[in-house]
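One structure is given here, and the rest of the page talks about it.
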Protein chains: 2
Amino acid sequence: MNNFVFQNPTKLVFGKGEIAKLSTLLPKDKRILVTFGGGSVKRNGVYDQVVAALEGFDYLEFWGIEPNPKVETLRKAVEVCKRENIGFLLAVGGGSTLDGTKLIASAAVIEEDAWELVLNPKLQCGNIPFASVMTLPATGSEMNRGCVISNLATGEKFAFYNAYPTFSILDPTTTYTLPSFQRACGLADTFIHVIEQYLTYTGESPLMDRWAEGVLQTIVEIAPKVLNVSENDYDTMASFMLSATMGLNGFVAMGVSQDWATHRIGHELTALCGITHGQTLVVVLPGVMNELRDQKAGKILQYGERVWGITEGSAQERIDRTISATEQFFRSLGLATRLSELGVGEDVVEEIVSRFRTRGTRLGEALNIDYALTDRILRQRL
Amino acid sequence: MNNFVFQNPTKLVFGKGEIAKLSTLLPKDKRILVTFGGGSVKRNGVYDQVVAALEGFDYLEFWGIEPNPKVETLRKAVEVCKRENIGFLLAVGGGSTLDGTKLIASAAVIEEDAWELVLNPKLQCGNIPFASVMTLPATGSEMNRGCVISNLATGEKFAFYNAYPTFSILDPTTTYTLPSFQRACGLADTFIHVIEQYLTYTGESPLMDRWAEGVLQTIVEIAPKVLNVSENDYDTMASFMLSATMGLNGFVAMGVSQDWATHRIGHELTALCGITHGQTLVVVLPGVMNELRDQKAGKILQYGERVWGITEGSAQERIDRTISATEQFFRSLGLATRLSELGVGEDVVEEIVSRFRTRGTRLGEALNIDYALTDRILRQRL
């Protein structure tokens, strides 16, 4: 086991009706900026619950943080924070709204431009405290200190890290109105967040392995019920929300190596082609597993046995079957697993490879996924 | 899934050589009281590491917090805190040292007696901040806000809750000198902490079930290696330490019912007969499982299948085999599983039952374990 430091101070407030607790959780002595996405929270009743809980608070609203939040939009919110003396941020919506809000929180306390901050995290000097009402199980943003920000002008998408949400309220009933595609992408995103923290070396931490496998097993088990939109099964959606949060809050990552190559390559597909995050991941992952099949052999075999029950055949056969089971699971969610299905051709692959070559990118737990290996990974996913 | 609020702010600093980080973690502007147990830290080198890291700090030492910390001892430390203007407490040792320190932390800021505080938690009004260097995997005290305090004069032992440690440093190499019996009791304690949060109802949270089972599976897997004292296998002891911490920090308890009857009955055996905590638990648990076999049937069957691979036979047969497998596991640790093996007779059972009758005690997830049921549980463990 590797040495590690773990601390996650976010207060998780979980369950039906808990949005009303906002009134006891928010600071009464600060001006609050409430940030929103495109308006789905007005259709599903979340907005009304938030407004009711905010009665008596001094707050402003900022609307329009889009999926894969663009720095161009966030700059406007940063201006509002500076102009209106905002002392607390509350993100209401999905992971993109909260991700964008995390950058706003840090960019509002410095003079430099928000994108400069993404490119140069050393500019960071604190942040406005922030919290969330999370309505979409997927990113885990509600209990971690990361966010991913896009730049429309440059076609870039990068991760940025600042602080943990003070609190996050998760009410599973707010997920009932999510469309199937968003549910599928959320399941895939959660699954692959865990894979990134798990599918590296064997034996680093037997307990973390079990916990990672526990999230994967739970996602596989609940997926058919999650996708059955007509059911609105509270316990199923609660399991989904809890799994998404626990999948990326550090709880399965203590003392173990991490990969994240699939995410880094996937971000490029979103930046260049606008493909939804979870959808990019399921296309890339089978390629990463196949190209790294020797390096990751032990862990792929363990994963295949414990999550998919694959125990028969030679090691190479079991690895093939495990990669195939993983891809089939993603297809069972209704997601595409080939670039061609998404209209992505060789030109995009070449652009990504060219970017990685220019940047000298090296990904994965062994930092051996360079531009050439990325080329092989992506070409087999065409 | 039940609604829940989760927050655990403790910073966990884990790994070989990390005690040296004390110098960066402790407050420089406060007088520190460092609390110790009976002196094993002087024999295993931990004391020297702590003293080296504390160079330049203003600190005092308090020695002699015993196993099952006694309020009689802790009162002396409370006096020191008040007299010496102590602003931070650092517990160095096992769970008892830290448990005692938690009570000191709260008792030092009130006028009333420390035992009054245990009996009446409403007297609590804050605490001196505290942290730990934890050297014994067992109690989980290093990452939770609970402690268990004994009263020598009255022969009582009760739990008390205040605040989380600011930080806890866990270096697995500090466990190499633990005697076999302490290792065995630590494994049993960890195992049964998880059982208390797991062996209730089915279906409340599939993810928490997986995580609880993950700790149980890990403990079963590493136990033979942990008990092989001559090996000093770092990764094994690291897994043991991590499992003990994760077994009682709230991470497996989100949205699920809890039991704790085994602990409450076990505390009486310690209070009346001085039996080591982990040893009391393994005697009591099989009796609780057997008497509650109908109420807990679904979860016992799930536990039997996932942890012990028991899938054949009728439900009643599988429950019998699962209880038996659990007891055999404890015996494989070298622990007694019968009261008679520990010299405990009917008189003690009668005293415990009489206490529960007087107090109107009702234990377990359904609050249906009263004095009469406790009598049946204990008599079958004679």
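The values are calculated or read from the model by the stated rules, or taken from the named source; none is laboratory data. As the structure is a prediction and not an experimental result, all values here were calculated from the model. FYI the Cβ positions are ideal-geometry reconstructions off the backbone, even for glycines, and counts take in every protein chain you see. Heavy atoms of the whole protein, side chains included, go into the accessibility calculation; ligands, DNA and RNA do not. Shrake-Rupley method; radii C 1.70, N 1.55, O 1.52, S 1.80 Å.
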Output the number of residues of region B:237-256 satisfying the condition of being more than 7 Å from every other protein chain (Cβ to nearest Cβ) and open to solvent by less than 10 Å² (accessible area, probe 1.4 Å). 8
Residue B:209 passes all but one of the listed conditions (1) more than 14 Å from chain A (Cβ to nearest Cβ); (2) of a type in the set (D, E, K, R); (3) crowded, with 21+ Cβ neighbours inside 10 Å; the exception is number (1)
Quick one: would you say residue B:27 is part of a loop (DSSP other than H, G, I, E, B) and open to solvent by less than 50 Å² (accessible area, probe 1.4 Å)? yes
Checking the condition touching a helix residue (DSSP H, G or I) at 6+ places or on another chain (Cβ under 9 Å) and within 23 Å of residue B:1 (Cα to Cα), which residue from A:225, A:157 passes? A:225
Could you list, in sequence order, the residues of region A:47-76 that are of a type in the set (S, T, N, Q) and open to solvent by 50 Å² or more (accessible area, probe 1.4 Å)? A:49
Taking first residues from region B:269-298 that are assigned to a loop (DSSP other than H, G, I, E, B) and second residues anywhere that are of a type outside the set (Phe, Trp, Tyr) and open to solvent by 30 Å² or more (accessible area, probe 1.4 Å), the pairs with Cβ under 6 Å that are 6 or more apart or on different chains are B:275/B:342
If you check residue A:190 against the conditions, is it modelled with pLDDT under 95 and touching a helix residue (DSSP H, G or I) at 6+ places or on another chain (Cβ under 8 Å)? no
In contact with an Asp or Glu (Cβ under 7 Å, 6 or more places away or on another chain) and in contact (Cβ under 8 Å) with a residue 12 or more places away in the chain, is that true of residue B:381? no
Among A:350, A:341, A:312, the single one that is open to solvent by 30 Å² or more (accessible area, probe 1.4 Å) and assigned to a loop (DSSP other than H, G, I, E, B) is A:312
Name the pairs: first residue in region A:38-52 and closer than 11 Å to residue A:171 by Cβ, second residue open to solvent by 40 Å² or more (accessible area, probe 1.4 Å) and not in a helix (DSSP H, G or I), Cβ to Cβ under 6 Å, at least 6 apart or on different chains? A:44/A:177
If I filter region A:46-67 for residues that are assigned to a strand (DSSP E or B), within 14 Å of chain B (Cβ to nearest Cβ) and hydrophobic (A, V, I, L, M, F, W, C), do I get at least one hit? no
Take residue B:28 and decide whether it is basic (Lys, Arg), in contact with a Ser or Thr (Cβ under 6 Å, 6 or more places away or on another chain) and more than 14 Å from chain A (Cβ to nearest Cβ). no
Let me spell it out: the conditions are (1) part of a helix (DSSP H, G or I); (2) of a type in the set (A, V, I, L, M, F, W, C); (3) under 24 Å from residue B:289 (Cα atoms); (4) within 18 Å of the chain's Cα centre (by Cα), and residue B:159 meets all of them except one. Which number is the exception? (1)
Within region A:353-382, track down each residue that is in a loop (DSSP other than H, G, I, E, B) and of a type in the set (Ser, Thr, Tyr). A:361
Kindly check whether there is at least one residue in region B:215-231 that is farther than 27 Å from residue B:66 by Cα and within 17 Å of the chain's Cα centre (by Cα). yes
Which residue, of B:343, B:360, is among the small types (Gly, Ala, Ser), more than 23 Å from the chain's Cα centre (by Cα) and under 17 Å from residue B:264 (Cβ atoms)? B:360
Residue selected from region B:220-235 under the condition open to solvent by 10 Å² or more (accessible area, probe 1.4 Å) and at the interface with chain A (Cβ under 9 Å from one of its Cβ atoms), by the criterion nearest to residue B:195 (Cα to Cα): B:221
In region B:77-91, is there at least one residue being assigned to a helix (DSSP H, G or I), under 23 Å from residue B:140 (Cβ atoms) and open to solvent by 10 Å² or more (accessible area, probe 1.4 Å)? no
Of the residues in region B:171-204, how many are outside any helix (DSSP H, G or I) and in contact with a Leu (Cβ under 7 Å, 6 or more places away or on another chain)? 1
Is there a residue being among the hydroxyl-bearing types (Ser, Thr, Tyr), touching a Cys at 6+ places or on another chain (Cβ under 8 Å) and open to solvent by less than 10 Å² (accessible area, probe 1.4 Å) anywhere in region A:33-46? no
Does any residue in region A:7-19 that is facing another protein chain (nearest Cβ under 7 Å) come within less than 8 Å, Cβ to Cβ, of a residue that is in a strand (DSSP E or B) and β-branched (Val, Ile, Thr) six or more places away or on a different chain, and which pairs are these? A:7/B:10; A:11/B:5; A:12/B:5; A:13/A:169; A:13/B:5; A:14/A:169; A:14/B:5; A:18/A:169
Any idea which residue in region A:147-180 is least open to solvent (accessible area, probe 1.4 Å), counting only those that are over 17 Å from residue A:35 (Cβ atoms) and of a type in the set (Gly, Ala, Ser)? A:155
